[in-house]
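Presented below is the structure to which this report refers.
The values are calculated or read from the model by the stated rules, or taken from the named source; none is laboratory data. Keep in mind that what you see is a predicted model, and the values were worked out from it rather than measured. Neighbour counts run over all protein chains shown; Cβ positions are idealised from the backbone, glycine included.
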Amino acid sequence: MNDVLVSVRRFRKRYGRFEAVKGISFEVRRGEIFALLGPNGAGKTSTLESLEGLRKPDGGELSVAGVDPSRRPRRLKNLIGVQLQASALPQAMTVEEAMTFFCTYHGVAVRRDLIERFGLAEKRRTQYSKLSTGLQRRLNLALAAAHEPPVLFLDEPTAGLDVQSRAEMHAVTAELKKSGTTVILATHDMAEAEKLADRAAILLNGAIVALGSPRALTARGSRRTKISVLSERASLLADRSDVGEARFQSAADDYAIYTSATPGPAVTAILAFLERAGDPLVDLRVERPSLEERFLEITSSNGNEGGNS
């Protein structure tokens, strides 16, 4: 239990007659990256804001680093860091001014080392409005981590970023985890969650419908492996039928796409088919189901009421 930094037990949140969160429970361990996943209206924002002390729960118990967020908000502010999707920083404030302000607020020495560490040294005198979106996100994350909080909340940290900026943010997040920071990540990017998260909870209509590591979550699904095959004469596309244990799904960019619950025998059957057809293999790709595919499977089977909670 000493390793549990965030505890959510039977948490409920209502808005009038609408129950946005319906008695969910989960725990986040020290040094873990935990992802909250779900469509709009699933209850992610209500859960995050309650853990951050911005909303009061209507039932259940919340604990962040041993503190009840709704009862001890002043104590909580030095125990958490929050990187929001949209920042409220003054547009004319420079990088160094922002770091000085946040460190003073938390009563710690100015963390100019973080300006260096997050690749902002050359922009230290640049106003916030003149930073690229990627550099703004880096600064927001540096400010959230400046007082070395044990728990860090990231809300869509890479939304709208280009590929390079996204990769850099992922690297910084992984570095924070290595330093012992516990991270709670809310994202719509399933590839991001699959790459970064140790565990994830999928919320739907205010309830947790799946919980576990990304690998465990994908393993609980249909368990059908995707097999993509490209050959010189495209004989598989001409036939477009199932091959042994491989079920034909579609064609894309001259690839024949199959799925199978038993990929080993399926690949063997496909290779045997190509050999009989005298059609040399060019490329073969075998991919386990992704977290995004599992997420879509879960949400489509459970339905989606929509909303914004």
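Per-structure values
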{"quantity": "In the stretch 233-251, residue surrounded by the fewest Cβ atoms within 10 Å (Cβ to Cβ) [restricted to those that are hydrophobic (A, V, I, L, M, F, W, C) and touching a residue at least 24 places away in the same chain (Cβ under 8 Å)]", "calculated": "Ala234"}
{"quantity": "Filtered residues of the stretch 188-201 (kept if surrounded by fewer than 21 Cβ atoms within 10 Å (Cβ to Cβ) and assigned to a loop (DSSP other than H, G, I, E, B))", "calculated": "His188, Asp189, Asp198"}
{"quantity": "Close pairs from the stretch 176-194: first closer than 13 Å to Val151 by Cβ, partner polar (S, T, N, Q), Cβ under 8 Å, at least 6 apart", "calculated": "Val183/Thr173; Leu185/Thr173"}
{"quantity": "Number of the condition not met by Gly264 [criteria: (1) buried (at least 16 other Cβ atoms within 10 Å of the Cβ); (2) outside any strand (DSSP E or B)]", "calculated": "(1)"}
{"quantity": "Meets criteria (more than 23 Å from Arg30 (Cα to Cα) and either in contact with a Cys (Cβ under 7 Å, 6 or more places away or on another chain) or not basic (Lys, Arg) (or both)) for Ser179", "calculated": "no"}
{"quantity": "Subset of the stretch 202-232 that is among the hydroxyl-bearing types (Ser, Thr, Tyr) and buried (at least 16 other Cβ atoms within 10 Å of the Cβ) - its residue that is nearest to Gly264 (Cα to Cα)", "calculated": "Thr225"}
{"quantity": "Qualifying positions in the stretch 1-32 - more than 15 Å from Ala65 (Cα to Cα) and in contact with an Asp or Glu (Cβ under 6 Å, 6 or more places away or on another chain)", "calculated": "Arg12, Lys13, Arg14"}
{"quantity": "Qualifying residues in the stretch 162-174 (those that are touching a residue at least 40 places away in the same chain (Cβ under 8 Å) and either outside the structural domain of Glu19 (by TED's automatic domain parsing) or of a type outside the set (A, V, I, L, M, F, W, C) (or both)) - the one surrounded by the most Cβ atoms within 10 Å (Cβ to Cβ)", "calculated": "Thr173"}
{"quantity": "In the stretch 12-69, the residues that are charged (D, E, K, R), part of a strand (DSSP E or B) and in contact (Cβ under 8 Å) with a residue 60 or more places away in the chain", "calculated": "Lys13, Glu19, Lys22, Arg29"}
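So that you can scan it fast, the table gives a plain yes or no per residue for (1) touching a strand residue (DSSP E or B) at 6+ places or on another chain (Cβ under 8 Å); (2) among the aromatic types (Phe, Trp, Tyr); (3) surrounded by fewer than 16 Cβ atoms within 10 Å (Cβ to Cβ):
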| residue | (1), (2), (3) |
| --- | --- |
| Thr94 | yes, no, no |
| Tyr105 | no, yes, yes |
| Arg111 | no, no, no |
| Asn140 | yes, no, no |
